[in-house]
Amino acid sequence: MRLRTTATAMALALMAMQAPAWADMEAAKAFLDAEIGDLSSLSRAEQEAEMQWFIDAAKPYAGMEIKVVSETITTHEYESKVLAPAFTAITGIKVTHDLIGEGDVVEKLQTQMQSGENIYDAYINDSDLIGTHWRYQQAYNLTDWMANEGKAVTNPNLDINDFIGIKFTTGPDGKIYQLPDQQFANLYWFRYDWFTDPKTMEDFKAKYGYDLGVPLNWSAYEDIAEFFTGRDMSYIGGPATGVYGNMDYGKKDPSLGWRYTDAWMSMAGMGDIGEPNGLPVDEWGIRVDENSRPVGSCVARGGATNDAAAVYAVTKAIEWLQKYSPPEAQGMTFGEAGPVPAQGSIAQQMFWYTAFTADMVKPGLPVMNEDGTPKWRMAPSPHGVYWKEGMKVGYQDAGSWTLLKSTPVDRAQAAWLYAQFVTSKTVDVKKSHVGLTFIRESTIQHQSFTDRAPQLGGLIEFYRSPDRVRWSPTGTNVPDYPKLAQLWWQNIGDAMSGAKTPQEALDALCAEQEKVLERLERSGVQGDIGPKLNEPQDPQVWLDAPGAPVAKLENEDEEPKTISYDELIKSWQ
């Protein structure tokens, strides 16, 4: 697939250089022949009809040069190197699709929002910014855009209801603010071959008194981490030394913030019951009132960012990083830590993104069998001791197309065409085979993924399960993602380094979050949906009230529980 894709990219790049002369069905057919084939949810006739619509809709913009940006993951590399040249060849609109770090994407977006300068004509940024876009109203709400300025350039075959993450990009006003481009979940990853080996299972049960399996709670995860760390796995072809029971990262870097805002706190049990994000207190510990206005982050104002569950969450992460992970993990970022489990020495990882699947299934890796099936599997992450049924279970990233009002309308229209092209039914199945970041129900159900499922370690079973919808991005409680997100990595970094205790770091974090909320309230820029802070009270008042925030439990160790993976998978089917 990769060689064919590279050859296609070169051919399309040559075509694109000749655009708009190539901007016709001849270029589209060449693209469909060389790149798509049967990997589409549309028939060939339907594909050609969709391409003809793009050709016709793009005519007013032929020769225009536009710039869009996204973070650097496999899916977006494919868009930039293959789909952008194809779009240019087919439509005559010249697209530069830049790939930069996720933190840089947010920074560019923030700069454009603050300055009004048109840096990019469209952004793929996480739907974690939905609360920002809804409150600031600087991004087009796509519901109105598609009915007005974007009507002539909105694909009649877009099929919004086919997008599995559209609720994540919809504001409390019922308007869609972003169009999903890629999605991936944060799940539990483990060495299925090790966990099902008879000697390993026997040794584990002899030591801990219960069956080795997928951990359902953090107590079991911790036992399994301890069991595998330093274990000689050579008796089943694993390493004799250097085996670890946990993988994580701890460098003071923007990605350390995502490590926690991406639902680690709610997995521990911080926040309120209520899906997708906990209401009134979400997985950032931010409380909102009945009008969705943020009213506090610290316990004294009814928030939970520094409550006992939050402290437990950070404490456990640091403890496991130090005791059960490779020593170098403490100095790694998200991107550096991601490939490590594929090297064959990690037994399990609780905080693992399915975006790494594409790089985990390459032939020849220590975690792959010779027949092309993986030695590993993915499953739901276990819950912490403060977690209750009905709370958020995990995070799902939804990188989504965003059009800012500071972009000239004609440029936004041309960019909207490109956004729809790279998410179209014509190309989405093939794109999903390359990046494995699903956005469309029609793609997930495609026969080619039924055929490929045994090679993907549970990914297809997860995305076809009713459970899928319970993993969700940051919700609308967060009123300014760029400003608040940067506070997390700086403060959590102090706890990681030992400069502060977890409690001290979280006290500082919630206080700094409230300073931002106060500034937004005073400025009035978000109107009657912006923050309106509660007056501080004795924290005990809030701790005695139902729901979040919560007081420290006398015993934070619960009875360990595991489940057989094969039994778990049945519940997904």
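All of the numbers you see were taken from the coordinates with simple rules; none came from a lab. Keep in mind that this is a model prediction, so the values were computed, not measured. All Cβ positions, even for glycine, are placed from backbone atoms using ideal geometry, and neighbour counts span all protein chains on display.
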For the range 412-532, the spread of Cα positions along each principal axis, largest first, Å: 52, 42, 25
Cβ-Cβ FRET estimate between residue 322 and residue 453, R0 fixed at 41 Å, reported to 0.05: 0.65
Cα centroid of the range 81-146 to Cα centroid of the range 500-541, whole Å: 29 Å
Extension gain from residue 210 to residue 359, taking 0.36 nm per residue of separation minus the Cα-Cα distance: 50.3 nm
Rg in Å to one decimal, and Dmax rounded to a whole Å, for the range 480-573 via C-alpha atoms: 19.3, 55
The range 133-276, Rg to Rh (Cα coordinates; Rh as Kirkwood inverse mean 1/r): 1.16
Kirkwood Rh in Å, taken over the range 322-470 so that all alpha-carbon pairs contribute: 18.1 Å
Column: log10 I(q)/I(0), Debye, Cα scatterers of the range 348-431, q = 0.16 Å⁻¹: -0.90
Efficiency of FRET from Cβ geometry, residue 554 and residue 532, R₀ 30 Å, rounded to 0.05: 0.25
Residue-averaged [θ]222 nm for the chain, counting only DSSP H segments that reach four residues, each worth -39500 (n - 2.57): -12000 deg cm²/dmol
Dipole-positive endmost among 105, 127, 249 within the chain (Cβ charges, Cα centre): 105
Largest to smallest principal axis extent of the C-alpha atoms in the range 77-200, angstrom: 65, 39, 33
Paired Rg and Dmax values of the range 31-107, which use every Cα atom, in angstrom: 14.2, 42
Dimensions in Å of the range 486-526 - Rg and Dmax from alpha carbons: 12.2, 38
Listed residue (70, 180, 154) projecting farthest to the positive dipole end of the chain, Cβ model: 154
Listed residue pairs exceeding 29 Å between alpha carbons, taken from 67/167; 323/552; 362/561; 252/483; 392/570; 375/552: 362/561; 375/552
Dipole moment magnitude, nearest 20 debye, the chain about Cα centre, only Lys, Arg, Asp, Glu C-beta charged: 780 debye
Stokes-Einstein D for the chain, Kirkwood Rh over Cα pairs, 25 °C, 0.890 mPa s (µm²/s): 100 µm²/s
For the range 385-482: span of alpha carbons on each principal axis (Å, largest first): 48, 39, 17
Hypothetical label at residue 46: residues of the range 427-471 whose amide nitrogen lies under 20 Å (7 Å Cα-Cβ projection): 427-434, 438-452, 464
